[in-house]
Structure formats: structure tokens, C-alpha cells
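Single-structure report; data block below.
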Amino acid sequence: TSSITLRSKPKSSNSFTDLSGNTAGHVERRDVEVVKARPLDGLIKFTKIDLLISHTNGQELSVLRGAKKLLARSQRDTGCTVVLQLYGPGSGVIRNDQYRPQRALRWLSDQNF
């Protein structure tokens, strides 16, 4: 189990920004939360799924890797659709200097999606 450091967005939002790879500067502790990351393969009991939707603000590759067995079974048995919301570099949404949206797409391609 790993952890992800998140900064909460304004109270009007229910989302967070990943700070794990942020090398740009100081992070104030008052709006930071460390969240334990658990792989879907060990969390849910489904044997297969038809659809996976991920809107995880930069954690798409981690989600996919954590669901590798589930996705492989689903793709093999009946096919599975994966929908990812990705952000481009410089979008201002992802503040992780290491974020590369094409990594998730490459991973899916390598898994024959």
C-alpha cells in the first residue's frame, strides 16, 4: 500500500490536487492530506467489469495498474471499456511535474485495449 499527498481545492470543490511529484515549492500543511492508495484488484470482489471510468486528477496510471487483473479478466471474457479524463501539460489542473498523460494510454495499448 502506498500513499498519495493531496492538496484540497477550495471548499466549493470536492476534488484534490496530487502533490506527490511536485517540486515547484513549499506546501502548506493546513490544506494537505495524505491518503492511502489501495489497488482495485485487492479492494473489490467483482470478477469482471464492462466499464471503468477514472477521473482521478493525475492518478490514472496508478488506477490502471491497480486494476490490472480485473481489467485483464474483463477484456478477455467480454471486453471492457475504459474512460479516462486526462489533462494536457500546462492545463493548470495537475501540478505534479512528473505527470505525463500519454503513460496511461501507452499502458492501455500494452494491455491490448
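The values are calculated or read from the model by the stated rules, or taken from the named source; none is laboratory data. Remember, predicted model here, so these are calculated numbers, not experimental data. FYI the Cβ positions are ideal-geometry reconstructions off the backbone, even for glycines, and counts take in every protein chain you see. When the accessible area is computed, the model is the full protein with side chains, heavy atoms only, and any ligands, DNA or RNA have been set aside. Shrake-Rupley method; radii C 1.70, N 1.55, O 1.52, S 1.80 Å.
General remarks:
- The residue list D18, D110, D41 contains one member that is of a type in the set (D, E) and at pLDDT below 90, which is D18.
- Residues in segment 82-93 that are under 25 Å from L70 (Cβ atoms), part of a loop (DSSP other than H, G, I, E, B) and open to solvent by less than 60 Å² (accessible area, probe 1.4 Å): L86, Y87.
- Scanning segment 37-47 for residues that are outside any helix (DSSP H, G or I) and either exposed (fewer than 15 other Cβ atoms within 10 Å of the Cβ) or β-branched (V, I, T) (or both) yields A37, R38, I44, K45, F46, T47.
- Checking each residue in segment 65-81 for being of a type outside the set (S, T, N, Q) and open to solvent by less than 30 Å² (accessible area, probe 1.4 Å) picks out G66, A67, L70, L71, G79, C80.
- Total residues in segment 94-111, condition outside any helix (DSSP H, G or I) and either open to solvent by less than 40 Å² (accessible area, probe 1.4 Å) or over 14 Å from R65 (Cα atoms) (or both): 8
- Contact annotation: residue pairs with Cβ atoms under 9 Å, 6 or more positions apart or on different chains, pairing a residue in segment 49-63 that is farther than 17 Å from D110 by Cα with a partner that is of a type in the set (D, E) and part of a strand (DSSP E or B), are T56/D18; N57/D18; G58/D18; Q59/D18.
- For segment 67-113, the tally of residues that are of a type in the set (D, E) and either within 21 Å of L43 (Cβ to Cβ) or in contact with a Lys or Arg (Cβ under 7 Å, 6 or more places away or on another chain) (or both) stands at 1.
- For segment 48-64, the tally of residues that are within 9 Å of the chain's Cα centre (by Cα) and either assigned to a helix (DSSP H, G or I) or surrounded by 15 or more Cβ atoms within 10 Å (Cβ to Cβ) (or both) stands at 10.
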